[in-house]
Amino acid sequence: MATGRAAKSEKTIVVSGIPDGIVKDDVMADILMIHFQKAKNRGGDVRDVVYPTAIKGVAYIIFEDQEVTKNALQKDEHRLEDKRLGRYYPLKISLYSEHVFTCVSSVLDLSIFEDKYILEDLVQELQKTIPALSFSPLQSNGQISVQGSFPAIKSLKDNLLLKANSLSRKGKRGERKPDQRPNSRTEKRGLFVEPNNTFVHNVNREEQVVVLDTDIYCYMKHFLYKESLAKYNVVSRGVTDGEITTIYLENARANSDSRELERAKEGIEDLSAKLHCRLRKERFSLDGNTRSERLKYKQAFESIKSRFPKVLVIPYDTHIDVIGSSSETYEFTQEVNRTVKSHIQKRFRR
């Protein structure tokens with residue numbers, strides 16, 4: 001079974017940058033199939049197109065032949081073109097992975113830079129610096145959505161944090177140009193839009209910043225976070241923006257060794273990298289289920305999770321996420337499905 005899943009993964013690509021809402025989902029799936037079947041796109045026979053998915057603007061293309069998968073990945077640029085779309089859309093593709101991460105998205109608020117940069121030029125610079133990311137059109141309020149792999153999103157945020165810190169230091173030294181006014185928005189909100197949980201970045205206090213995938217952060221916090229920080233004399237706070245969580249580390253005491261901060265950051269990043277390779281996420285969608293069916297799923301999760309102490313269950317209104325090692329997550333989800341199926345069969349027998 002594991003061999004079969006691995007073979008399927010080697011024939012599957014993740015496609016991001018798909019325009020949302022322009023045509024119906026079944027039409028878009030057809031357009032994608034046509035694109036990846038064409039020889040000019042280095043495509044071939046397509047077994048299946050999975051669209052829409054849980055991630056907006058992302059599809060999975062499963063080819064019949066692994067060689068076709070390799071050829072499609074080697075093409076420099078994929079342009080999705082069809083008369084039904086009105087114009088072409090650049091696509092980003094990567095090989096499918098069964099890890100937690102395939103593609104993540106976030107919303108940036110670039111308006112804090114508008115006193116220093118022309119925002120359109122800043123976006124072009126970011127696109128050139130990190131070509132693995134897909135950017136939506138820049139909105140008039142300075143917000144822009146970004147989609148790509150977690151490492152690419154992390155690189156983007158690190159890049160912007162450096163720019164923001166540089167601007168803050170220049171402001172403190174009075175190096176701002178005469179026609180530039182102090183940007184109060186920098187003090188009011190962070191780089192990433194965070195409704196109801198705005199973080200005020202204190203540039204006067206020494207700290208280290210770590211950017212994590214939110215799923216990894218939740219797993220780490222639940223099972224390993226306190227243990228991983230106990231060896232360092234630091235305190236931390238996290239700011240979550242959808243699929244991205246930023247951790248701010250500070251020394252617990254004013255006279256603490258600044259090297260502790262660096263060691264804490266390195267420790268968390270090392271742990272995150274290990275979890276990145278080991279963990280997998282499964283999602284149970286509750287949309288379309290009756291109230292009774294939702295209750296059955298929740299009861300099944302509650303009754304089963306005690307037998308899987310290293311699996312994290314995160315309930316939401318519309319779905320339930322399960323995060324753990326590949327083998328434990330698979331066994332857990334199979335057990336949930338069997339339990340729910342058994343409950344339903346017993347109900348019909350009555």
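The table below lists the values:
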quantity	calculated
Which listed residue is of a type outside the set (Lys, Arg), open to solvent by 80 Å² or more (accessible area, probe 1.4 Å) and touching a residue at least 12 places away in the same chain (Cβ under 8 Å), from Leu80, Leu95, Leu73, Leu85	Leu95
Only one of Lys56, Lys83, Lys40 that is basic (Lys, Arg) and at pLDDT below 85	Lys56
So Ser155, is it surrounded by fewer than 19 Cβ atoms within 10 Å (Cβ to Cβ), closer than 23 Å to Thr240 by Cβ and modelled with pLDDT of 80 or more	no
Residues that are assigned to a helix (DSSP H, G or I), at pLDDT below 80 and buried (at least 18 other Cβ atoms within 10 Å of the Cβ), drawn from the stretch 115-151	Phe150
Residue count, the stretch 36-70 (criterion: farther than 27 Å from Ser106 by Cα and either in contact (Cβ under 8 Å) with a residue 40 or more places away in the chain or among the aliphatic types (A, V, I, L, M) (or both))	8
Residue ID - surrounded by the most Cβ atoms within 10 Å (Cβ to Cβ), chosen from residues in the stretch 19-45 that are part of a helix (DSSP H, G or I) and of a type in the set (D, E, K, R)	Asp30
Any hit, the stretch 319-328, residues being at pLDDT below 85, open to solvent by 90 Å² or more (accessible area, probe 1.4 Å) and not small (Gly, Ala, Ser)	no
Some residue of the stretch 107-114 being buried (at least 20 other Cβ atoms within 10 Å of the Cβ) and touching an Asp or Glu at 6+ places or on another chain (Cβ under 7 Å)	no
Selected residue [within 12 Å of Glu207 (Cα to Cα), open to solvent by 80 Å² or more (accessible area, probe 1.4 Å) and not basic (Lys, Arg)] from Ala264, Ala254	Ala254
Sole exception among (1) open to solvent by 30 Å² or more (accessible area, probe 1.4 Å); (2) closer than 25 Å to Phe223 by Cα; (3) not hydrophobic (A, V, I, L, M, F, W, C) for Ser272, by number	(1)
Inter-residue pairs, beta-carbon under 6 Å, first closer than 21 Å to Phe135 by Cα and in the stretch 14-34, second assigned to a helix (DSSP H, G or I) and β-branched (Val, Ile, Thr), 6+ apart	none
Residue selected from the stretch 86-114 under the condition at pLDDT 85 or above and assigned to a loop (DSSP other than H, G, I, E, B), by the criterion farthest from His276 (Cα to Cα)	Gly86
Residue list for the stretch 215-231, restricted to those being surrounded by fewer than 21 Cβ atoms within 10 Å (Cβ to Cβ) and at pLDDT 80 or above	Cys218, Lys221, His222, Phe223, Leu224
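The values are calculated or read from the model by the stated rules, or taken from the named source; none is laboratory data. Predicted model, so just to flag it, every value in this text is computed and none were measured. Cβ sites come from the backbone with ideal geometry, for glycine too, and all protein chains shown count toward neighbours. Keep in mind that these areas ignore ligands, DNA and RNA; they rest on the heavy atoms of the full protein, side chains included. Shrake-Rupley method; radii C 1.70, N 1.55, O 1.52, S 1.80 Å.
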